[in-house]
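K.L.:
After the structure tokens below, expect a handful of questions from me.
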Amino acid sequence: MADGFFVTGTDTGIGKTLITASLAWKFSKEISKICAMKPFATGISEYSNKFRSKDLAILARAIELEEKQENLNPYFYPLPCSPYMASSLLNLPPPSVGYAIKKFKLLQKKYDYLLVEGIGGIMVPLNTKHTLLNFIKLTKLKVVIIATPKLGTFNHILLTVKICKSSGIPIKGIVINKMPNHPSQVEAEIPTFIQEYTKLPILGVIPTMYKPKMNEATFSSISKLIDISPSN
């Protein structure tokens, strides 16, 4: 089975896709058969004919991935909210964790390394019985947590860490994204305090980037700031 990890976050809109794409680009320089998956996605509308999800389009672009969309993103709903809420409001069938895992395992067998990007936070509901947490547990992958230094992040990180640990999900580390170019004293010290309190490594601190271009230069610059390699 392929190695890899799962990228989750403390909230939505905190840069999971950009960081996942950047790491995929970095790892692709060492691993030829690498894949990036976005099992659940929602949005205002379908992004293109090739990719319903804009996030998936970015991930695929980073590593020039040619794979069936139905395997990479089995569930997409054109409404920007949780998959459960979107499916309910659109009168569509909700995601099946079992079916999504089937696609995950297919990709695991086909590739040597697999990065999986979540949706929103770890407790986002997928259907009436399951949250994203249930899917992550079944992947048996280590988790990378993406957070920002905004007010309230300490609480969000600790809640995410606590539920991962209580659910037996191993944590690879934490990435602090969108650090202001001129941070306040509190913002600047967040990474230090988070690491001391959680005893988890801060894998990187990424500065705020305004409307970054999703290209090789961006992926390269971001990946250099994150201390992760395919083998560690």
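K.L.:
Can you give the accessible area per residue of the chain, in Å², using a 1.4 Å probe? Don't skip to the end; give the middle numbers.
P.N.:
Details: 11310 Å² over 232 residues.
The answer is 49 Å² per residue.
K.L.:
With a sphere of radius 11 Å drawn around the Cβ of G118, what net charge do the other residues whose Cβ falls strictly inside it have (Lys, Arg +1; Asp, Glu -1)? Don't skip to the answer; put the middle values down first.
P.N.:
Numbers: positive: K16, K38; negative: D55, E117.
Net local charge, G118 excluded: 0.
K.L.:
Pairs to check: K68/K224; K172/K211; K178/K213; K33/K165; K38/K137; K140/K199. Give those whose C-alpha atoms are more than 23 Å from each other in this structure.
P.N.:
On the way: K68/K224 30 Å; K172/K211 28 Å; K178/K213 15 Å; K33/K165 31 Å; K38/K137 16 Å; K140/K199 21 Å.
Over 23 Å Cα-Cα: K68/K224; K172/K211; K33/K165.
K.L.:
Which residue, S167, S184, S220, has the most motion in a Gaussian network model of the chain that connects Cα atoms within less than 10 Å?
P.N.:
S184
K.L.:
For the stretch 53-102, what relative contact order do you get, as a whole percent, if you take Cα pairs closer than 8 Å and at least 6 residues apart? Mind dumping the intermediate values first?
P.N.:
Values: 22 pairs, mean separation 12.2, N = 50.
Reported relative contact order: 24 percent.
K.L.:
Over the stretch 97-232, what is the mean sequence separation of C-alpha contacts under 8 Å (at least six apart), divided by residue count, expressed as relative contact order in percent? Numbers along the way, then the final one.
P.N.:
On the way: 141 pairs, mean separation 24.6, N = 136.
Answer for the stretch 97-232 is 18 percent.
K.L.:
Another question, if that's okay. If I compute solvent accessible area with a 1.4 Å probe over the protein chains, what percent of it on the chain is carbon and sulfur?
P.N.:
Numbers: 6170 of 11310 Å².
Reported share for carbon and sulfur atoms: 55 percent.
K.L.:
Can you send over the solvent-accessible area of L138, 1.4 Å probe, protein chains only, in Å² to the nearest 10?
P.N.:
Roughly 90 Å² of L138 is accessible to a 1.4 Å probe.
The values are calculated or read from the model by the stated rules, or taken from the named source; none is laboratory data. As the structure is a computational prediction, the values presented were derived from the model and not from experiment. Backbone-built Cβ (ideal geometry, glycine too); neighbour counts: all protein chains shown. Accessible surface areas use protein heavy atoms only, side chains included; no ligands, DNA or RNA. Shrake-Rupley method; radii C 1.70, N 1.55, O 1.52, S 1.80 Å.
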